[in-house]
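The values are calculated or read from the model by the stated rules, or taken from the named source; none is laboratory data. As the structure is a computational prediction, the values presented were derived from the model and not from experiment. Cβ coordinates were reconstructed from backbone atoms using ideal geometry, including for glycine residues, and neighbour counts include every protein chain displayed. Surface areas here come from the heavy atoms of the whole protein model, side chains and all, with no ligands, DNA or RNA. Shrake-Rupley method; radii C 1.70, N 1.55, O 1.52, S 1.80 Å.
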Amino acid sequence: QVQLVESGGGLVQPGGSLRLSCAASGIIFNIYPMNWYRQAPGKQRELVATITRGGTTSYADSVKGRFTVSRDNAKNTVYLQMNSLKPEDTAVYYCNVVKGGANYWGQGTQVTVSS
């Protein structure tokens, strides 16, 4: 079965950085696009970043220039490097993959940006 396990969240001051990781199993990792979503309290889950199997990336306007998504196919892991963090980046961050038309999610990792 597909499993996604996120790590790397935490509390950081505004302007700080964090790197999230998502380890995948149960899929042939290198053929699937991978996504990062986030959900803030009282808000809908939103797509933050995507990386295709070829390494092409795309980002939400709100994080462009600050976040970088990457993948290591040898480790079945996708990363989200987050720099210049703002309080509005506070959310639970989820890793996602779509396989066979079904969405698979990790358990999420909390990112809190506060002074």
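State the percent of C-alpha pairs, over all pairs in the stretch 1-67, separated by a distance greater than 17 angstrom. When every Cα pair of the stretch 1-67 is considered, 54 percent fall beyond 17 Å.
In the context of the full set of protein chains, the stretch 1-83 has a per residue accessible area of 53 Å² (1.4 Å probe). Measuring how big the stretch 35-115 is from its alpha-carbon positions, Rg and Dmax come out at 12.7, 43 Å. Note on the chain: with a GNM built from Cα contacts shorter than 10 Å, the maximum mean-square fluctuation among GLN44, GLN81, GLN13 falls on GLN44. Think of the stretch 1-87 as a dipole: +1 on every Lys or Arg Cβ, -1 on every Asp or Glu Cβ, centred on the Cα centre; then among ASN73, GLN13, GLN1, GLN13 lies furthest on the positive end.
Per atom type, the chain shows carbon and sulfur on 47% of its accessible surface, probed at 1.4 Å.
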